[in-house]
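Read-outs throughout are calculated quantities, based only on the coordinates presented, and are distinct from any laboratory measurement. Everything quoted here is computed from the prediction, not taken from an experiment. For neighbour counting, all protein chains shown are included, and Cβ atoms are generated from backbone atoms with ideal geometry for every residue, glycine included.
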Amino acid sequence: MERLNLSNGKKRVIKLKTFIIILLFVTLPALSLIYLSYQMKILETGKLLRNYPVVFNNLSSLDMKNLDQQIDNLKYTFEKRVEEIRNANIVVKNSILNSYKDIYFLKYFSYFASRIPNRIFLKEIRYDGVKFFIDFYEYGIETKVSTQTVYSDLSKLYKNVLINKIDEKNFFGNMRYFRYNMEGEK
């Protein structure tokens with residue numbers, strides 16, 4: 001095989017214009033990739049700004065060196081605020097439950113007295129914020145107070161619930177009176 005030398009003994013040299021065009025074609029994909037990643041970063045930042053405006057409104061600067069620290073501080077602040085709100089909810093819930101317990105025994109007594117066909121007369125109610133005591137009379141031919149029902153209803157909210165029949169006497173003819181004590185504590 002014979003070697004052909006087409007350049008007639010001269011070294012082939014690339015012209016400056018050709019070199020710049022080749023360099024442009026070689027660097028163009030890299031530059032377009034950098035530009036594309038920059039545009040994607042801008043789009044993602046826009047999404048973050050729309051989805052989490054509170055975070056970006058509370059950042060003091062968008063300096064990349066301090067951004068992680070600022071976001072950690074914001075995260076800590078928000079977690080602390082969530083804990084404060086949770087504790088406030090627990091306090092409100094407990095105060096509502098306590099206020100409900102403060103008057104439930106009265107509501108229950110009123111409800112239970114209105115459902116009994118016999119006459120109920122209240123002698124004494126004592127409540128000191130923890131313990132309640134109710135002394136009442138029932139007038140009728142026979143007692144309609146079910147101590148077991150009252151006990152089971154009140155023991156759902158109160159501790160140490162007691163309902164006792166203290167006395168039973170004839171009043172007039174076959175009419176009788178029954179004396180009861182109800183007590184319990186929160």
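Worth a mention:
- Of all residues in region 141-186, those satisfying the criterion of being in a strand (DSSP E or B), without any contact (Cβ under 8 Å) to a residue 12 or more places away in the chain and not polar (S, T, N, Q) are K169, F172.
- Residues being of a type outside the set (A, V, I, L, M) and farther than 25 Å from G173 by Cβ - total across region 108-145: 16
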